[in-house]
1. Under 7 Å between Cβ atoms, at least 6 apart or on separate chains: pull out the pairs that start in region 180-202 with a residue that is touching a residue at least 40 places away in the same chain (Cβ under 8 Å) and end on any residue that is surrounded by fewer than 13 Cβ atoms within 10 Å (Cβ to Cβ) and part of a loop (DSSP other than H, G, I, E, B).
2. Examine region 258-267 for a residue that is of a type outside the set (A, V, I, L, M), surrounded by fewer than 18 Cβ atoms within 10 Å (Cβ to Cβ) and without any contact (Cβ under 8 Å) to a residue 24 or more places away in the chain, and state whether such a residue exists.
3. Among the residues of region 210-249, write down those that are surrounded by 15 or more Cβ atoms within 10 Å (Cβ to Cβ), of a type in the set (G, A, S) and assigned to a loop (DSSP other than H, G, I, E, B).
4. Looking for something over 17 Å from R65 (Cβ atoms), at pLDDT below 95 and surrounded by 17 or more Cβ atoms within 10 Å (Cβ to Cβ) - is there at least one such residue anywhere in region 117-132?
5. Every residue in region 238-257 that is touching a residue at least 24 places away in the same chain (Cβ under 8 Å), among the hydroxyl-bearing types (S, T, Y) and closer than 15 Å to G116 by Cβ, please.
6. Please give the number of the condition H42 fails out of (1) surrounded by fewer than 21 Cβ atoms within 10 Å (Cβ to Cβ); (2) modelled with pLDDT of 95 or more; (3) over 22 Å from I117 (Cβ atoms).
7. Just a yes or no: is a residue in region 215-232 of a type in the set (V, I, T), touching a residue at least 24 places away in the same chain (Cβ under 8 Å) and over 15 Å from G130 (Cα atoms)?
Amino acid sequence: MQMEVPGPASHVYFSQRLRLHYVDWGNEDAPPLLLVHGNRDHCRNWDWVAQSLRDQYHIIAPDLRGHGDSQWVYGSNYAMIDYVYDIAQLLDQKELSPITLIGHSLGGSIVLQYAGIYPERISRVVSIEGFGPPPQMIEERAVQPASERMRGWIAGVHAMASRVPRCYPTLEDAVARMQEANPHLSPDQAKHLTVHGTHQNEDGTFTWKFDNYVRVFSPYAFNSADAHEMWSRISCPTLLIRGTESWASDPVADGRSVHFPNLEVQNIGGAGHWVHHDQLDRFLEVVDCFLDGK
């Protein structure tokens, strides 16, 4: 699956003193569209989606802090509130409002929170499996004593301090790991994602660009009641997308869909967690219809 048109331009912006990266696909006179990737991913994972939508929208795709070509955080944790703040900074600095938002996984959570904080700034929002673990898992973790959660978090952070990033002898070895993580990917997709998701070290080996500390999650998960309040404020049309072969639960079946006042839900067959890779054509068909108001 080769890219057939010139790629985007790279830019930087600053948030909480961090130098953060984003790509801009041009077409600045068109309505703005923000694409937000998931955990341990990068902005170029959206290239196929952006290529399809760039003629209708002015597309911006950021690398989240600690990901892709954005700066890593030192002396702090990677928290949801900081990710949301970074997106708010980007949209404020570039004066992108009203805007359409599309996010995957962690990015799906970020765009839903931003849309709930600033509903007046959003035209439409699409979240691909942006809820994280199923409610039952969240509830089981919530009943753990705070001291136990903190002990686990401290141990996790400590483990990251001694974790050495894995080095792959060749780019092809890294591509093989990418395909192992998502068997739905075609060879061309896996190579494209790996080329943009790794850097080559001085000794010729390859490592992933993301900071290993993004693997550690806060012992104080985002409050469900707060999330429900934010979701209920999203007044624009909202689309939730899920792959039927994913670990993510159905938001209708698990009850989380009831908190959205203007909602459409699509379950896409033959797709795992990365729906926009696994079933690109079907994903684009669903999104095109939604964005066109059909």
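1. Going by the 7 Å Cβ cut-off, the qualifying pairs are D188/Q2.
2. Checked against the condition, which is being of a type outside the set (A, V, I, L, M), surrounded by fewer than 18 Cβ atoms within 10 Å (Cβ to Cβ) and without any contact (Cβ under 8 Å) to a residue 24 or more places away in the chain, region 258-267 yields no hits at all.
3. A221, S246, A248, S249
4. Yes - at least one qualifying residue is present in region 117-132.
5. T238
6. (1)
7. Among the residues of region 215-232, at least one is of a type in the set (V, I, T), touching a residue at least 24 places away in the same chain (Cβ under 8 Å) and over 15 Å from G130 (Cα atoms), which makes the answer yes.
The values are calculated or read from the model by the stated rules, or taken from the named source; none is laboratory data. Nothing here was measured: the structure is a model prediction, and the numbers come from that model. Note that we place each Cβ from the backbone using ideal geometry, even for glycine, and neighbour counts take in every protein chain shown.
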